[in-house]
1. Using a 10 Å cut-off around each Cβ, can you sort C:Met446, C:Met238 from fewest to most neighbouring Cβ atoms?
2. I'm a student and want to see the number: the projected area of the Cα convex hull of the range A:28-161, averaged over all directions, in nm².
3. For the pair C:Glu191 and B:Arg83, how long in nm is the line joining their label points, each one 7 Å along Cα→Cβ?
4. Given a cut-off of under 8 Å on Cα pairs at least six residues apart, what relative contact order in percent is computed for chain B?
5. Calculate how many DSSP beta bridges within the protein assembly as shown are antiparallel, expressed in % of all such bridges and rounded to the nearest 5.
6. Output wanted: per-residue J couplings in Hz (rounded whole) for the range C:662-668, from phi through Karplus 6.51 cos²θ - 1.76 cosθ + 1.60, θ = phi - 60°, x for Gly and Pro.
7. When the dipole is taken about the Cα centre of the protein assembly as shown, and only Lys, Arg (+1) and Asp, Glu (-1) are charged at their Cβ, what size is it in debye, to the nearest 20?
8. Quick one: what does P(r) look like for the range A:4-81 with 10 Å bins over all Cα pairs, in whole %?
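Readers should treat all values here as calculations from the given coordinates under stated rules, not as data from a laboratory. Here the structure is a predicted model, which is why all the values come from computation and not from measurement. FYI the Cβ positions are ideal-geometry reconstructions off the backbone, even for glycines, and counts take in every protein chain you see.
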Amino acid sequence: MNEFCDITLTVNGERVSERVEARKSLVDFLREDLTLTGSHVGCEHGVCGACTVRVNGEIVRGCLMLAVQCDGASVETIEGVSDSGEITDLQNAFQTRNALQCGFCTPGMLLTAQDLLSSGHAPSRDEIREHISGNYCRCTGYHAIVDAVEAVAQARKGSRK
Amino acid sequence: MKPAPFGYAKARSIEDAVALLAQHGEQAKLLAGGQSLIATLNMRLSAPRLLIDINGISGLSGIALKNGHVEIGAITRHVEIERSDVIARHAPLIAMAMPHIGHPAIRNRGTIGGSIAFADPAAELPGCLLALGGSVEIAGPKGRRTVQADDFFKGLYETALSPHEILTLIRVPAAASMSRYGFAELARRHGDYAVAGLAASAHADGSGLKDIRLAFFGVDLTPLRAKGAEAALAAGDVEKAVATLASDLDPPDDVQETGPVKKHLAGVLLRRVAAQLSRTRA
Amino acid sequence: MKIVADVPSPLTALDRPNSYIGRAVPRPNLARLTQGRAQYVSDVVLPRMAHVAFLRSPYAHARIVKLDKSKAETAKGVVAVVTGAEMCKVITPWVGVLSHLKGIKSAPQYAIAVDRACWQGEAVCAVVARTRAEAEDACELIDIEYEELTPVTDPETALDPDTPVIHPELGDNLTFERTLDAGEVDKAFNESDAVVEATFIFGRHTGVTNEPRAIVADWNPGEQRLTVYQGTQAPHMMMNLFAKHLGLEEHQVRVITKDVGGSFGIKVHTYADEMATVALSKLLKRPIKFVADRIESFVTDIHARDHRVRGKIGVKKDGTITAFEIDDLTGIGPYSVYPRTSGIEANQVVNLTGGPYKCPNYRARARVVFQNKNVMCQYRAVGHPIATGVTEGLVDLAAAKIGMDPAELRRKNLYPDDAYPATAASGIKFEKLSHHASLDKILAMMDYKALCAERDAKRLGGVYRGIGFASFIEVTNPSAAFYGVGGARISSQDGATVRLDATGAIFIHSGVTEQGQGAEAVLAQCVASAFGVPIDRVRVVTGDTDNVPYGGGTWASRAAGIGGEAAWQAGKALRQNVLTAAASILQAQPDGLDIVNGVVVDKGTTRERISLDEVARICYFRPDTLPPGFQAELMATRHYVPRAWPFAFTNGIQASYLEVDIDTGFVTLLKHWCVEDCGTVINPQLVDEQIRGGIVQGLGGALFEHCLYDERGQMLNGNMADYLVPMAVEMPDMEIGHVVTPTADSELGAKGAGEAGTAGAPAAVMNAINDALRPLGAKPMTEMPFTPGRVLRALGRV
């Protein structure tokens, strides 16, 4: 019975090889084994979205995937997505509009917003609310977050013309 | 919470998965999307000794139109179904249900097979399967078998699947020009499990409907058909159909709402879905 | 204290050149939060650190008959397994009472239950292991036997003679009772043209902070010092309590609070499992980490707002309110929470009911009773949603009874804007409020007449929309009257130390703390303005008891009004010190100089005389060039506490516009407005966002959130799927407006604003739903949350 597995994966562009317990979640692996603490644990049952990371380009709940399932995968966390500059406009908009207060939901919220905007079209406020409907924020009440995402969507659309 | 320790095996084929299940029986659980399973393990509601990862098995995923049916591989992700043209054109009832399932991150991993096999009583896809009169393909130690939707959902989280078997394919009749569909769900928050939901299919019959299948979900331990209401609706009497729900359904109370409230909501959904069924499809 | 100009000048002290007061400056700490580079307590890792998991009672009330830890002790990775009895040798129990709540009583609470568990979820044993997973594995190996006892789970019968008394030594299950009788209530009711009664029920709910409670305790026997990383709102309070209960001196304890993933009052209390964690570190001589997982959070984070209030209002035909009367019953847990007590919420309900209205006749009784459910204590807007819900609910029912528009009835009875200072019937003192100006403003923002017309037109089409108001007052900037007078070592004063560093930047050390509301930004704005530097040259240090002035932390909306004022005064004092040093360097007069944009200038001009870093260079590195006998002091500390008023009351009004689907009972929130008067607004964006966040927390309690218990004291919905917190789709856009009535009790004139949104939102929604359903003859809804089932039953559809 393999309770420990060797995995090799890419995390934020870096090749990583580790031995992990089969039961270790992806988000715990990132936070503990790789000390990438930017992804957060809020519920461990997939509801709050604080653990949202990207696996092979798609956003997932880091608490509902096992690290062992990511053998051979490409994982991106907020640290990588931030350092690459991919979401600088979103981060700036969040800051100027105070679309975050305690910041705990913010990495998950940013990745989810980026997921929405990378489709290319400028979503309505209702569409924004729908896309972030799986990301719990207790501080902002969501209004400023919708404002920030809407502003970035408009700006990106404008700069594409 | 952290799960109790378990081992992990990646199945290379359906036969491999079946063999592992035969070896470990109820001590093993199949890992598909994991969106329900891992949450359960995290809460230690279940403590299997082995997870059998079936995500890598080729041939278990994909959407195809075949012989008047839409066939969906069991580990097809919700997001693929959501984006599929084949589903949109040939299984529109499923397309109507998809936006109600969880949230984008959940849909990127969750699978249709997982949803059907887990059979949460308030889940959308089991309701759709029942409404479409579809069937599932199962692989087990004794080979393959097909189970009809009407025979699949047995009890709370209990299906016709035995601990030694694996769901491989979901099959639903493809939409014909006479096909009519209706879907309505009430949930406290977008993406939540339904407080009450109704998936329905029928065929236009002159100015009326026939072959009506009304599959309610979120109102009992399994999705279930309201057969009395189906008959009344076939006779063209919506109000009688709503009234008949009183005997078709006996919803237990749950943490969200009481039985009487769910029964009332079922009636409201029926009126809304009846209106959808009577409209010609675009 | 009035606003004082420090030199004769047409400008007030707030009109500093390049002042940041009143500007929406982005918060300096946001960049790291958006980059995933924050440091929450749950991120902290220390050498030799071990993790603790707790075995928790599955029963609401049970004697621990047998506990055999032998199998657990030898499990993989386990460091120690510690029982309640063993904990007693390291940490003393506590009792949550304060002397100013007359008659309040409670029993000693232990870090780990010793021989009896009193609520489902109470810790009965601790397992320390190398990893959290291993600790949980070992918990399952503990052999424990319980004898179930009868749980007390109904507040209505908690005081009946047949009901078991949870703590027999206390005599009964009554924690606290308060009564108040002002004016002539019975006469007033007799003289009323209409009397309306209703019973309001508020569902018990809880904070659900995104980051669960987390603590890392590090006892270093080499230093004989305890360092605790904790997401607490009140580090000095916790420092005092850790020292007290572990037998240490306060100076042996250091509490560090960096980033906190949400608090809202949840993290201002003393928790048994956190005290146990600290004690374990002392016992085991190594760092111990505890992070509550979500499942245990639901049964251990304080709950709040479990109240049943019978309310009565009298009114005359002309709309004059004649009297208010309430009888409030609230069921807490088996212990009054320490050290702030679980009597405060009920006390607030008595203090605040009827508050916005000039009505001298008011009678109240509030009783707090013990139950075998999770503990209950202060949570954002303590007691305000209850008091406002009852008051505004009664006001609307009275308006409906006499056929008067609800805005009109309010206009008739709200304290006039020139009626101050005033003392309300409950004894609370108002400095100056602006109820009427706020009402005018919100009616304009909503375009009330047009909105009513839209609602009425929709009704004709069978669409039922409603408009609901909630006027409210809010307690902010508390003096010692809140806790200090009761014997609690909770500081109502606060301090700020500001320092000019060697390159001309400014450090602020403050005793208030940051949980996301922007306290750091507000402090920076105050000091940058008072001193005269660009805000990017200011660095804020909070949340470290070794390195900040002794303070109170952040609660009761005090950070801006009290912490900000101390920072403002310290900034002014440092400016004076720096100008004295600059003057001695320049051979000029200090009062002919000023600091603007980081440079010393001739006062009232832009003529630069010397840069700050040059002043610093000389003072720090070339003091030999300064005049003999002159010592530069490039650091200043000031403290502040409100003295003229026990609390700085603020006021506001909210409105909700919503639609009720009368077939399904589902409520759709269309829009929400709030006008808030919190005095001087230091950062309008932060205030507005606090109000928005607070409103949504209130909306959660009104429509979604409810801790459900069965009669055996089992919490039925303690997970994120079944306990419904507000998510983005169901929440409305919210428009915020302001009226500004500064307090004269400080130079800045800032009152607090953090809890206003939560105070009024539930009442506004309740009144809007009843407005929507009134034409259908529905029974008024007064029980929260307003679930679809409740709406359908009110309509008689089920």
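1. Taking fewest neighbouring Cβ atoms as first place, the list is C:Met446, C:Met238.
2. 8.0
3. 7.5
4. Taking the mean separation of contacting Cα pairs over the length of chain B, I get 16 percent.
5. Bridges in the protein assembly as shown are about 80 percent antiparallel.
6. 6, 7, 9, x, 6, 9, 10
7. 900
8. Computed distribution, short to long bins: 22, 61, 18.
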